[in-house]
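Chemist: Dropping a structure here in structure tokens format, bear with me for questions.
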Amino acid sequence: MPKSLVRAVALLAGLSLLATPNLAWSAPAPKGPTAAEAAALARESVRSPMAADSIYFVMTDRYANGDTSNDRGGLTGDLSLTGYDPTSDSYSHGGDLKGLTGGCTTGEGVARIKKMGFTTIWVTPPFKQEWVQGDSAAYHGYWINDFLTIDPHWGTNADFKALVDCAHSQGIKVVLDIVLNHTGDVIKYNGSGKAAIPAGRQNAKNPAWLNKLTNYHNRGDVQDWNDKFWAQNGDFFGLDDIKTENQEVIDGFAAVYSQWVNDYGVDGFRVDTAKHVDDAFLGKWWPKVVSATKAKNPNVFAFGEVFDSSQDVLSAFVRQRGLPSVLDFGFQTDGVLYAGGDGDAGNLLYVLKQDDKYTTATKNAYNLVTFLGNHDMGRVAYLLLKSGAKTDTLLASTLFAHDMMFLTRGTPAVYYGDEVGMIGFGGDKAARQDMFSTQNVEWQREARVTGGAIGTKSALTDMTNPILVRIQKLNELRAKYPALASGAQIVRGANGPILVSSRIDAADKREYLVGLNNANTSKTLSVKTSSPLTQFTSVWGDAAPVTSDANGVVTVTVGPQGAAVLRADAQLPQPAAAVKPVLKVAIDKDTRLMNLTATLATADPATVSFAVKIGTAKTWTYIGSDDAASYALFWEYAKQKKGTSIQFVAISKTTSGLIATSDVKVVKVP
């Protein structure tokens with residue numbers, strides 16, 4: 001069965017679930033919120049502190065060498081000791097924090113990143129490493145032994161502070177890549193499998209609590225990656241697996257990473273291997289970090305790496321496991337299939353239709369971090385070729401992929417080197433090329449999306465590359481029209497290769513139309529908007545102005561492998577009356593979710609908020625808002641006792657600020 005058809009079948013199955021009859025039980029009609037309570041419950045859909053940002057993800061060792069004196073980290077000997085061999089893809093190449101900083105306002109570091117329009121830099125872990133393990137060095141940063149000290153190969157703690165201060169002076173945030181699941185490989189196992197710390201290495205790690213054997217699982221390597229027990233308790237390819245259920249570990253890591261916010265100014269974290277820590281850890285650790293950093297940075301943010309494309313798995317880490325956000329592997333998988341041509345707009349539609357699974361009182365899908373390629377999976381151009389793109393049209397596919405990502409909900413993250421057309425031959429080591437002049441002969445010969453091999457030239461000077469220029473212009477577009485970065489996204493329709501969405505500017509009360517088309521020819525789609533008798537003028541692409549009819553229907557044409565953005569010339573019509581939501585509730589016993597859906601008899605892009613009363617509770621509790629039809633929320637009932645009475649209500653708020661409340665729906669926990 002074609003992948004797009006599989007997605008469509010799955011989507012229809014999900015929609016049929018939401019349409020099941022309400023499981024109400026017989027009881028007197030309960031009272032809904034008072035007018036004052038409804039006004040307090042009718043809240044805006046939340047956005048994270050980074051929802052409108054764009055991220056440049058840098059592997060420090062491979063970006064720029066600002067200080068050749070630290071290439072060997074102060075160590076002497078051959079590469080087995082220093083870990084330095086710029087000719088090998090397995091060892092350190094000399095990139096460092098000074099190189100990434102550059103002259104701050106000049107040069108090829110922060111100044112270059114700012115020129116491309118990025119507002120956040122995400123750096124690989126810079127902490128002191130177990131530098132050489134087996135036949136590879138820790139150039140990537142994920143084999144940490146000292147979580148409080150910058151590794152000498154990359155500089156000093158002062159160098160890191162200088163990078164953050166420089167970035168902040170240029171209006172750029174810094175996201176620190178962190179590890180909570182494991183350390184470098186220090187613990188060894190004897191013939192009977194008993195764990196021990198080798199002589200002379202009893203104090204190899206920092207902070208001191210990391211030197212206690214009791215803070216590790218000590219079970220040896222993961223035996224079965226499909227077994228949750230092993231995935232959470234086994235050593236990650238030899239790396240010492242930390243016992244994240246221990247309170248000392250929870251408190252210790254909260255103190256460690258709070259320090260990097262309070263003392264160095266870090267704005268957020270990308271949490272590595274989040275899938276492999278204890279179920280309860282993130283929900284205990286993150287609130288401690290937020291509390292400890294509130295005075296210095298009340299907007300500290302985090303997103304986790306949960307290496308899984310299932311929206312059910314990803315959203316569970318947001319709803320259940322305590323993460324503010326995750327990397328959107330679902331978007332990456334289906335988005336790249338769509339951009340590469342191995343599937344139609346149904347691939348992207350499948351992802352977007354599941355966004356409501358992320359909604360809670362404080363989180364939603366707008367806060368997801370989207371990406372096309374990375375240091376583990378491979379670069380976007382390589383992945384596009386695997387997804388149907390052709391070599392002779394790879395540039396067009398790459399440009400379209402970035403259009404799609406930057407113009408769709410979420411915070412886009414670009415992997416360094418993708419902006420200059422690096423391709424590579426796979427993931428991991430094969431996707432970690434040097435930006436500065438490389439001594440790796442194979443990389444010198446690798447083809448680029450936009451032309452021949454790089455040779456020994458530095459890619460940092462390539463500021464006219466068409467991919468880089470496209471990213472730069474997309475960043476400018478999102479900055480000029482904030483609705484395209486974080487405005488409400490309403491999918492208006494999809495047919496074959498074309499998908500059209502609205503983005504709503506809540507402040508300006510104006511609608512934008514975003515059209516995407518992965519076909520090799522222009523495609524047209526008629527959709528209903530919230531702006532009747534309104535002309536839409538192009539602000540991206542070469543689409544001619546179009547005018548909607550009295551019902552708001554407009555016909556959008558999108559060029560081949562392209563995107564079109566049209567802005568309404570007039571503001572949205574403002575409703576004169578409130579619109580009462582019609583609320584339905586369905587129970588999914590498999591996922592232990594109560595699926596709430598609300599419908600509104602209006603074309604106005606209103607917001608619907610949901611609230612709950614549990615058992616004999618006297619007051620309503622807010623549980624989340626949705627600013628895009630179809631309005632939905634998935635509420636966890638796993639912790640509720642069987643037979644408990646649950647009351648739900650939906651409160652709508654029009655763009656003119658008028659509020660209405662649904663009838664109360666009552667269900668019992670099965």
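Chemist: From the list Q439, Q433, pick out the single residue that is farther than 30 Å from I623 by Cα, touching a residue at least 40 places away in the same chain (Cβ under 8 Å), touching a Phe, Trp or Tyr at 6+ places or on another chain (Cβ under 6 Å) and assigned to a loop (DSSP other than H, G, I, E, B). Spell out the reasoning first.
Modeler: On the way: Q439 fails: touching a Phe, Trp or Tyr at 6+ places or on another chain (Cβ under 6 Å).
Among Q439, Q433, only Q433 is farther than 30 Å from I623 by Cα, touching a residue at least 40 places away in the same chain (Cβ under 8 Å), touching a Phe, Trp or Tyr at 6+ places or on another chain (Cβ under 6 Å) and assigned to a loop (DSSP other than H, G, I, E, B).
Chemist: Then there's this: Quick check, is P532 in contact (Cβ under 8 Å) with a residue 40 or more places away in the chain, over 30 Å from T393 (Cβ atoms), part of a loop (DSSP other than H, G, I, E, B) and in the same structural domain as D626 (by TED's automatic domain parsing)?
Modeler: Numbers: in contact (Cβ under 8 Å) with a residue 40 or more places away in the chain: yes; over 30 Å from T393 (Cβ atoms): yes; part of a loop (DSSP other than H, G, I, E, B): yes; in the same structural domain as D626 (by TED's automatic domain parsing): no.
No; evaluated as a whole, the condition is false for this residue.
Chemist: Which of the following residues is more than 23 Å from K353 (Cα to Cα) and under 29 Å from the mean Cα position of the chain (by Cα): A638, A632, A577? Break it down stepwise before answering.
Modeler: Working: A632 fails: more than 23 Å from K353 (Cα to Cα); A577 fails: under 29 Å from the mean Cα position of the chain (by Cα).
The conditions single out A638.
Chemist: Can you tell me which residue among K357, K363, K288, K294 is among the basic types (K, R), farther than 30 Å from Q433 by Cβ and free of Cβ contacts under 8 Å to residues at least 12 places away in the same chain? Let's see the steps before the verdict.
Modeler: Working: K357 fails: free of Cβ contacts under 8 Å to residues at least 12 places away in the same chain; K363 fails: free of Cβ contacts under 8 Å to residues at least 12 places away in the same chain; K288 fails: free of Cβ contacts under 8 Å to residues at least 12 places away in the same chain.
Criteria check complete, one pass: K294.
Chemist: Okay, moving on. Looking at (1) in contact with a strand residue (DSSP E or B) (Cβ under 6 Å, 6 or more places away or on another chain); (2) modelled with pLDDT under 95, which one does G134 not meet, given that it meets all the others?
Modeler: Condition not satisfied by G134: (1).
Chemist: Still on this structure, please answer the following. Got a number for residues in the range 196-239 being among the hydrophobic types (A, V, I, L, M, F, W, C), outside any loop (DSSP other than H, G, I, E, B) and in contact with an Asp or Glu (Cβ under 9 Å, 6 or more places away or on another chain)? Even if it seems obvious, please write down each step before you answer.
Modeler: Within the range 196-239, the first condition is being among the hydrophobic types (A, V, I, L, M, F, W, C), and the residues that meet it are 196-197, 199, 204, 208-210, 213, 222, 225, 229-231, 236-237, 239.
From what's left, outside any loop (DSSP other than H, G, I, E, B): 196, 208-210, 213, 229-231, 236, 239.
Narrowing the set further to residues that are in contact with an Asp or Glu (Cβ under 9 Å, 6 or more places away or on another chain) leaves 209-210, 230-231, 236, 239.
Going through the range 196-239 one residue at a time, the tally reaches 6.
Chemist: Only residues in the range 376-402 that are in the same structural domain as G451 (by TED's automatic domain parsing) and among the hydrophobic types (A, V, I, L, M, F, W, C) count as the first member; pair them with residues that are modelled with pLDDT under 95 and in a strand (DSSP E or B), Cβ under 6 angstrom, at least 6 apart or cross-chain, and list the lot.
Modeler: The qualifying pairs do not exist here.
Chemist: Would you confirm, using the coordinates I've provided, whether S309 is assigned by TED's automatic domain parsing to the domain that holds L399 and either buried (at least 20 other Cβ atoms within 10 Å of the Cβ) or within 21 Å of V46 (Cβ to Cβ) (or both)? Walk me through it before giving the result.
Modeler: On the way: assigned by TED's automatic domain parsing to the domain that holds L399: yes; either buried (at least 20 other Cβ atoms within 10 Å of the Cβ) or within 21 Å of V46 (Cβ to Cβ) (or both): no.
In short, no.
Chemist: So if I check each of Y416, Y366, which one is hydroxyl-bearing (S, T, Y), under 24 Å from L516 (Cα atoms) and in the same structural domain as Y91 (by TED's automatic domain parsing)?
Modeler: On the way: Y416 fails: under 24 Å from L516 (Cα atoms).
Every option except Y366 fails the conditions.
Chemist: A further question on this structure: Give all pairs with beta carbons closer than 8 Å in which a residue from the range 117-140 that is under 16 Å from G95 (Cα atoms) meets a residue that is assigned to a strand (DSSP E or B) and among the aromatic types (F, W, Y); count only pairs at least 6 apart in sequence or on separate chains.
Modeler: Here the result reads I121/Y56; W122/Y56; W122/F57; F127/F147; A137/Y84, each pair linking the range 117-140 to a residue that is assigned to a strand (DSSP E or B) and among the aromatic types (F, W, Y).
Chemist: Then there is this: Here is a check on your reading of the model: is N299 surrounded by fewer than 22 Cβ atoms within 10 Å (Cβ to Cβ), in contact with a helix residue (DSSP H, G or I) (Cβ under 7 Å, 6 or more places away or on another chain) and either among the aliphatic types (A, V, I, L, M) or over 19 Å from N374 (Cα atoms) (or both)?
Modeler: Numbers: surrounded by fewer than 22 Cβ atoms within 10 Å (Cβ to Cβ): yes; in contact with a helix residue (DSSP H, G or I) (Cβ under 7 Å, 6 or more places away or on another chain): no; either among the aliphatic types (A, V, I, L, M) or over 19 Å from N374 (Cα atoms) (or both): yes.
No; evaluated as a whole, the condition is false for this residue.
Chemist: Take the conditions of a type outside the set (A, V, I, L, M, F, W, C), free of Cβ contacts under 8 Å to residues at least 12 places away in the same chain and under 30 Å from S92 (Cα atoms) and apply them to T456. Does it pass? Even if it seems obvious, please write down each step before you answer.
Modeler: Details: of a type outside the set (A, V, I, L, M, F, W, C): yes; free of Cβ contacts under 8 Å to residues at least 12 places away in the same chain: no; under 30 Å from S92 (Cα atoms): yes.
Answer is no for this residue.
Chemist: Also, quick follow-up: If a residue has to be of a type in the set (V, I, T), crowded, with 19+ Cβ neighbours inside 10 Å and farther than 19 Å from E37 by Cα to count, how many in the range 600-624 make the cut?
Modeler: 0
Chemist: Also, quick follow-up: Starting from residues that are more than 18 Å from G193 (Cα to Cα) and hydrophobic (A, V, I, L, M, F, W, C), keep the ones in the range 203-228 and report whichever is surrounded by the fewest Cβ atoms within 10 Å (Cβ to Cβ).
Modeler: Step one: filter the range 203-228 for residues more than 18 Å from G193 (Cα to Cα), giving 203-211, 225-228.
Okay, now just the ones that are also hydrophobic (A, V, I, L, M, F, W, C), so 204, 208-210, 225.
Working: A204: 17, A208: 9, W209: 17, L210: 24, W225: 11.
Taking the candidates together, the pick is A208.
Chemist: Does L468 satisfy the condition of being buried (at least 19 other Cβ atoms within 10 Å of the Cβ), in contact (Cβ under 8 Å) with a residue 12 or more places away in the chain and not small (G, A, S)?
Modeler: On the way: buried (at least 19 other Cβ atoms within 10 Å of the Cβ): yes; in contact (Cβ under 8 Å) with a residue 12 or more places away in the chain: yes; not small (G, A, S): yes.
Yes: the conditions hold for L468.
Chemist: So, one more: Does G343 count as crowded, with 21+ Cβ neighbours inside 10 Å, more than 18 Å from V290 (Cα to Cα), modelled with pLDDT under 95 and not assigned by TED's automatic domain parsing to the domain that holds P560?
Modeler: yes
Chemist: Test V500 against the stated conditions and say whether it is in contact with a helix residue (DSSP H, G or I) (Cβ under 9 Å, 6 or more places away or on another chain) and either crowded, with 23+ Cβ neighbours inside 10 Å or not in a strand (DSSP E or B) (or both).
Modeler: No, not satisfied.
Chemist: Does any residue of the range 607-618 turn out to be of a type in the set (F, W, Y), outside any loop (DSSP other than H, G, I, E, B) and in contact with an Asp or Glu (Cβ under 7 Å, 6 or more places away or on another chain)?
Modeler: no
Chemist: Considering only residues of the range 420-440 that are surrounded by fewer than 24 Cβ atoms within 10 Å (Cβ to Cβ) and charged (D, E, K, R), which is farthest from K363 (Cα to Cα)?
Modeler: That would be K429.
Chemist: Just to check your reading of the model, which residue among F425, F436, F406 is within 19 Å of the chain's Cα centre (by Cα) and either among the hydrophobic types (A, V, I, L, M, F, W, C) or at pLDDT 95 or above (or both)?
Modeler: Selected residue: F406, the only one of F425, F436, F406 that is within 19 Å of the chain's Cα centre (by Cα) and either among the hydrophobic types (A, V, I, L, M, F, W, C) or at pLDDT 95 or above (or both).
Chemist: Answer yes if at least one residue in the range 40-54 is in a loop (DSSP other than H, G, I, E, B), farther than 27 Å from N475 by Cα, modelled with pLDDT of 95 or more and not acidic (D, E), and no otherwise.
Modeler: If we filter the range 40-54 for residues that are in a loop (DSSP other than H, G, I, E, B), which is where we start, we get 42-54.
Within this subset, residues satisfying the condition of being farther than 27 Å from N475 by Cα are 42-43.
Then drop every residue that is not modelled with pLDDT of 95 or more, which leaves 42-43.
From the residues that got through so far, the ones that are not acidic (D, E) too are 42-43.
Within the range 40-54, one or more residues are in a loop (DSSP other than H, G, I, E, B), farther than 27 Å from N475 by Cα, modelled with pLDDT of 95 or more and not acidic (D, E).
Chemist: Quick check: is even one residue across the range 395-405 over 24 Å from D344 (Cβ atoms), surrounded by 23 or more Cβ atoms within 10 Å (Cβ to Cβ) and of a type in the set (V, I, T)? Break it down into steps so the answer makes sense when it comes.
Modeler: Start the filter on the range 395-405 by keeping residues that are over 24 Å from D344 (Cβ atoms), which leaves none.
Checked the range 395-405: no residue is over 24 Å from D344 (Cβ atoms), surrounded by 23 or more Cβ atoms within 10 Å (Cβ to Cβ) and of a type in the set (V, I, T).
Chemist: How many of the residues making up the range 625-639 are surrounded by 15 or more Cβ atoms within 10 Å (Cβ to Cβ) and farther than 21 Å from G32 by Cβ? Spell out how you get there, then give the answer.
Modeler: So in the range 625-639, the residues surrounded by 15 or more Cβ atoms within 10 Å (Cβ to Cβ) come out as 625-637.
Next, only the ones that are farther than 21 Å from G32 by Cβ stay: 627-630, 634, 636.
Residues in the range 625-639 being surrounded by 15 or more Cβ atoms within 10 Å (Cβ to Cβ) and farther than 21 Å from G32 by Cβ: 6 in total.
Chemist: Restricting to the range 429-471, name every residue that is touching a Lys or Arg at 6+ places or on another chain (Cβ under 7 Å) and among the β-branched types (V, I, T).
Modeler: Within the range 429-471, just I454 meets the criteria.
Chemist: Continuing with the same structure: For the range 48-84, which positions are surrounded by 17 or more Cβ atoms within 10 Å (Cβ to Cβ) and of a type in the set (S, T, Y)?
Modeler: Hits for the range 48-84 are S48, S54, Y56, T60, Y63, T82, Y84.
Chemist: Same structure, new question: So for the range 322-334 (the condition being assigned to a loop (DSSP other than H, G, I, E, B), free of Cβ contacts under 8 Å to residues at least 60 places away in the same chain and in contact with a strand residue (DSSP E or B) (Cβ under 8 Å, 6 or more places away or on another chain)), does at least one residue qualify?
Modeler: Applying the first criterion (assigned to a loop (DSSP other than H, G, I, E, B)) to the range 322-334 yields 322-325, 328.
From what's left, free of Cβ contacts under 8 Å to residues at least 60 places away in the same chain: 322-323.
Next cut, in contact with a strand residue (DSSP E or B) (Cβ under 8 Å, 6 or more places away or on another chain) only: 323.
Within the range 322-334, one or more residues are assigned to a loop (DSSP other than H, G, I, E, B), free of Cβ contacts under 8 Å to residues at least 60 places away in the same chain and in contact with a strand residue (DSSP E or B) (Cβ under 8 Å, 6 or more places away or on another chain).
Chemist: What's the number of the only condition in (1) of a type in the set (K, R); (2) more than 26 Å from S92 (Cα to Cα); (3) under 27 Å from the mean Cα position of the chain (by Cα) that K194 fails to meet?
Modeler: Single failed check for K194: (3).
Chemist: If you take the residues of the range 541-561 that are modelled with pLDDT of 95 or more and surrounded by 22 or more Cβ atoms within 10 Å (Cβ to Cβ), which of them is farthest from N495 (Cα to Cα)?
Modeler: Residue satisfying both the conditions and the ranking: S548.
The values are calculated or read from the model by the stated rules, or taken from the named source; none is laboratory data. This is a predicted model, so every value here is computed, not measured. Neighbour counts run over all protein chains shown; Cβ positions are idealised from the backbone, glycine included.
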